[in-house]
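Working notes, structure below.
The values are calculated or read from the model by the stated rules, or taken from the named source; none is laboratory data. No experiment lies behind these values; they were computed from the predicted model shown. In this analysis, Cβ positions are derived from the backbone assuming ideal geometry, glycine residues included, and neighbour counts consider all displayed protein chains. Note: areas computed on protein heavy atoms with side chains; ligands, DNA, RNA excluded. Shrake-Rupley method; radii C 1.70, N 1.55, O 1.52, S 1.80 Å.
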Amino acid sequence: MNSPLPGLAFATSRTWAEVDLGAIAHNVRALRALLPPQTAFMAVVKADAYGHGLVPVAEAALEAGATWLGVATPEEALDLRAAGLGARILVLGPVDPSWLPALAAARCALTAADRAALEAARRLSSDERPRIHLKVDTGMRRLGTTLEDLEALLDAVDRDRLVVEGVFTHLACADEPDPSMTRFQLAAFREATGMVRARFPGALAHAANSAAVMAHPEAALDLVRVGIALYGAPPAPHLRSPALRPAMSVRSRVVRVQRVAEGTSVSYGATYRAPRPTAIATVPVGYADGYPRALSNVGTMLVGGIRHRVAGRVCMDYTMFDVGEAPVRVGDEVTVFGSGLGADEVAQAAGTIPHELFCRVGRRLPRIYLRDGRPVAIAATVPAAVRPVGIEVR
């Protein structure tokens, strides 16, 4: 597949990322079809929307039917508000108290996992009472109050100053084939939800992540928090679904092709030696761009639809691969991952998950945003001299 902006991409950076906003919208609709009509949809856009771009992805998700946005940091929440997005926003983790006035003024919901968080929120001088989601640890052992301590936490809620809008937990094993841990956590969370609703009847209950939406329909409850599936990648290998469309592709161009003799070493450490007379191609993407060094000698890239194995160690700015006798030339487009070479497959070869692969895609790679195969926006880092007329610059 050729890039819709090959000239622009080559002029601005020899490696770039394409983000299909139509795929984001499609995935929201496909996942919502798995849910009861009354269940609300939160698009989790933390970590710059898993490297895809915070504001463009949030806008696309909301247009497709998401009604909540989930973030990890105050900066992300306030960036969404600064972009004019009025959707409901939940900051999913604890924040330093110095951020609370700005978050409350921006009408962002806050997570409270302990009495210290409640006390910090209670001290806010804002006229609008902060909206709180209580987090319960049912087995993840990362954040949240325990079931045993929940009653005491509820006793600490100042009803005059705080609004308990929701209660939630995080499922540790929803992406595992064995459902026993998920069932255990959901049973504990039902107990926690009952305790919260005895005092706050309208509290929203939410537990389901992407994997639970796809594999545990009983976890849908009032709200689901969808992360990796929003971007078209499966939460786990056994949860691959043809209903999801990958949103991101990373592409580059060959900058050098050299014929070498049998036994020629390639890259740092000479860990690869040509097994025969062959050609070595160089592509300007490396671990500084987020291409894992763990793919040294095991990763593959696509040129003209043909896979070629990485030869030698991945460098900071470059990677080499053995193209044999294939007619590869300087300027040929390379798919680092994307159509024909899924991010989940590349991540698995690197011993990681697509979540990490997406988040590692470097900021020096321009993002070109597409709808219906046509460019609609481009990252603001692209020099003005080569920005196309009629394309929004973010």
Exercise for the section: In whole angstrom, note down how far apart the Cα centers of the range 23-48 and the range 260-281 are. Expected result: 47
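How far, in nm, would the chain grow between residue 288 and residue 309 when pulled straight, counting 0.36 nm per residue and subtracting the alpha carbon separation? Walk me through the numbers on the way to the answer.
Working: separation 21, 0.36 × 21 = 7.56 nm, distance 1.97 nm.
Using 0.36 nm per residue and subtracting the Cα-Cα distance, I get 5.6 nm.
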Handout entry: Residues with amide H under 5 Å from that of residue 89, placed H, sequence gap 5 or more
Key = 69, 109
Handout entry: Which label in [x] 21.0, 70; [y] 23.5, 78; [z] 21.3, 65 gives the computed Rg and Dmax of the Cα atoms in Å
Key = [y]
Exercise for the section: Name the helices (complete DSSP H segments) of the chain with a Cα length along the long axis of 20 Å or more and a Kyte-Doolittle mean of at least -0.5, or state none. Expected result: 180-199
Problem - Mean separation of Cα contacts under 8 Å, 6 or more apart, over the residue count of the range 94-179: relative contact order % - result: 29
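Using the heavy atoms of the protein chains and a 1.4 angstrom probe, tell me the accessible area per residue for the chain in square angstrom. Let's see the in-between values first.
Working: 16620 Å² over 394 residues.
Accessible area per residue: 42 Å².
Give me the percent relative contact order of the range 43-108, please, defined on Cα pairs under 8 angstrom at least 6 residues apart.
Working: 82 pairs, mean separation 20.3, N = 66.
Relative contact order of the range 43-108: 31 percent.
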Handout entry: DSSP loop GluC sites (Glu not before Pro) with at most 14 other Cβ within 10 Å: longest gap in the chain
Key = 129-261
Exercise for the section: Quick one: go through the range 120-140 and flag any residue whose amide nitrogen is under 15 Å from the point 7 Å out along the Cα-to-Cβ line of residue 106. Expected result: 131
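What does the extension gain come out to for residue 345 and residue 372, with contour length at 0.36 nm per residue minus their alpha carbon separation?
Details: separation 27, 0.36 × 27 = 9.72 nm, distance 2.50 nm.
My answer for the length gained is 7.2 nm.
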Practice task
Using label points projected 7 Å from each Cα along Cα→Cβ, tell me how many nm separate residue 326 and residue 156, to one decimal.
Solution key: 5.8
